[in-house]
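Written out below as structure tokens is the structure these notes cover.
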Amino acid sequence: MQMPPSISACQGLRVHVPCQFTFPHQASSEDPRGYWFKKESLGYPARSRSGRLVASSDKKAAIDRSAANRFQFVGDPKRGNCSFSITNAQREDEGRYYFRIEQGDLKYTYVNHDDQIHTSPAIFVSGCLPVVKE
């Protein structure tokens, strides 16, 4: 998985989180489905599937109410793209996120066990000062 370890965003603006991954696609009639979860703290996610679902390529997935209509899965899991975006970023969006991919019986959650590999991006939201032109 390739993505930035952290992203800083201005409150009220759009945030794009670029992401690429590799996954051993199975011979399956199902397309791979991607899921982004938000952890409640900035710590790295445990191996369990804890967290709130905020974005998914699976149109049937039950997205957390706090993320509905603002978080969008903009990548294409078939092409190894797991990017997502947040419109109207809010301070409560700040936190650590992690990605899960599923295709048929194959399911994998990307977690970070090495400081050199960033699989759980942290998003920081601040008030950001407006730019004043003289």
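Looking at Ala62, Ala67 in this structure, which one is assigned to a loop (DSSP other than H, G, I, E, B), farther than 19 Å from Val111 by Cβ and under 12 Å from the mean Cα position of the chain (by Cα)? Lay out the reasoning, then the answer.
Values: Ala62 fails: under 12 Å from the mean Cα position of the chain (by Cα).
Selected residue: Ala67, the only one of Ala62, Ala67 that is assigned to a loop (DSSP other than H, G, I, E, B), farther than 19 Å from Val111 by Cβ and under 12 Å from the mean Cα position of the chain (by Cα).
Return yes or no: is Arg79 at pLDDT 90 or above and surrounded by 13 or more Cβ atoms within 10 Å (Cβ to Cβ)? No. Could you list, in sequence order, all residues of region 83-134 that are among the hydrophobic types (A, V, I, L, M, F, W, C), over 15 Å from Arg14 (Cα atoms) and at pLDDT below 90? Result: Leu106, Val111, Ile117, Ala122, Leu129, Val131, Val132.
The values are calculated or read from the model by the stated rules, or taken from the named source; none is laboratory data. Keep in mind it's a predicted model, so treat the numbers as computed, not measured. Using ideal geometry, Cβ is built from the backbone for each residue, glycine included, and neighbour counts are taken over all protein chains shown.
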